[in-house]
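The values are calculated or read from the model by the stated rules, or taken from the named source; none is laboratory data. All values reported here derive from a predicted model rather than from experimental measurement. Quick reminder, even Gly has a Cβ in these numbers, built from the backbone with ideal geometry, and neighbours come from all protein chains shown. Surface areas here come from the heavy atoms of the whole protein model, side chains and all, with no ligands, DNA or RNA. Shrake-Rupley method; radii C 1.70, N 1.55, O 1.52, S 1.80 Å.
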Amino acid sequence: MSRIGKAIITIPAGVTITENNGVVTVKGPKGELSQELTAGITLEQNDGILNVNRPSDTKQHKALHGLYRALINNMIVGVNTGFEKKLELVGVGYRASHSGQKLELALGFSHGIVLELPGEVKVDTLTEKGKNPIITLTSHDNQLLGMVAAKIRSFRKPEPYKGKGVKFVGEIVRRKAGKSA
């Protein structure tokens, strides 16, 4: 069996899981998420423990076994505690501000970038004197949160010579030596 797929999932208090016609719905204090199951993957729920089972040992079923177990676990963690990603703007004059669900970025272009965020993603910007601006994104949907963070990072990826750009907090940018004189 898949090591990830055969691991049990403990269901925290306040989270309910229902399966109806191959669609798993997870409800919790932070929201509700649903995922469609394919290829005969089934769920067993007993006493606050959830097991993901596969119908056979074919290569595709083995792959989907671990995948759906990870997706369902992320859904449970998301509706219970939520997810957070932080992005850092490295560069002179790089700024970020938000108003409601609109994120305004100044990343060294001749124009500002305005990004309309989905309703499930909450944004917060922090600007302190002498430090790089930080954008904090929080959501109960890990998949959507990763897509939004990747979109923001794609506006100005960190470059290898000076390290300027949008990077995740804690990300290490591999630096190159410049021209040798």
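At-a-glance table
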| read-out | value |
| --- | --- |
| Test: residue in the range 85-103 that is under 15 Å from the mean Cα position of the chain (by Cα), in contact (Cβ under 8 Å) with a residue 60 or more places away in the chain and open to solvent by less than 80 Å² (accessible area, probe 1.4 Å) | yes |
| Considering residues of the range 110-119 that are touching a residue at least 12 places away in the same chain (Cβ under 8 Å) and not aliphatic (A, V, I, L, M) only, the residue nearest to Pro133 (Cα to Cα) | Glu116 |
| Search result, residues across the range 10-37 that are surrounded by fewer than 17 Cβ atoms within 10 Å (Cβ to Cβ) and either of a type in the set (Gly, Ala, Ser) or farther than 25 Å from Ser139 by Cβ (or both) | Ala13, Gly14, Asn21, Gly22, Gly31, Ser34 |
| Residue list for the range 56-84, restricted to those being more than 26 Å from Leu103 (Cα to Cα), β-branched (Val, Ile, Thr) and open to solvent by less than 20 Å² (accessible area, probe 1.4 Å) | Ile72, Ile76 |
| Test result for Leu126, over 13 Å from the mean Cα position of the chain (by Cα), under 20 Å from Phe168 (Cβ atoms) and open to solvent by 60 Å² or more (accessible area, probe 1.4 Å) | yes |
| Search result, residues across the range 37-91 that are acidic (Asp, Glu) and within 30 Å of Ile135 (Cα to Cα) | Glu84, Glu88 |
| Residue list for the range 129-147, filter: out of contact with any Gly (no Cβ under 8 Å at 6 or more places or on another chain), open to solvent by less than 60 Å² (accessible area, probe 1.4 Å) and within 18 Å of Leu71 (Cα to Cα) | Leu144, Leu145, Gly146 |
| The listed residue being among the β-branched types (Val, Ile, Thr) and over 21 Å from Ile172 (Cα atoms), out of Val92, Val121 | Val121 |
| Within the range 109-123, tally of residues that are in contact with a strand residue (DSSP E or B) (Cβ under 9 Å, 6 or more places away or on another chain), under 16 Å from Val166 (Cβ atoms) and loosely packed, with under 15 Cβ neighbours inside 10 Å | 3 |
| Subset of the range 27-42 (residues that are within 18 Å of the chain's Cα centre (by Cα) and within 15 Å of Gly66 (Cβ to Cβ)) | Gln35 |
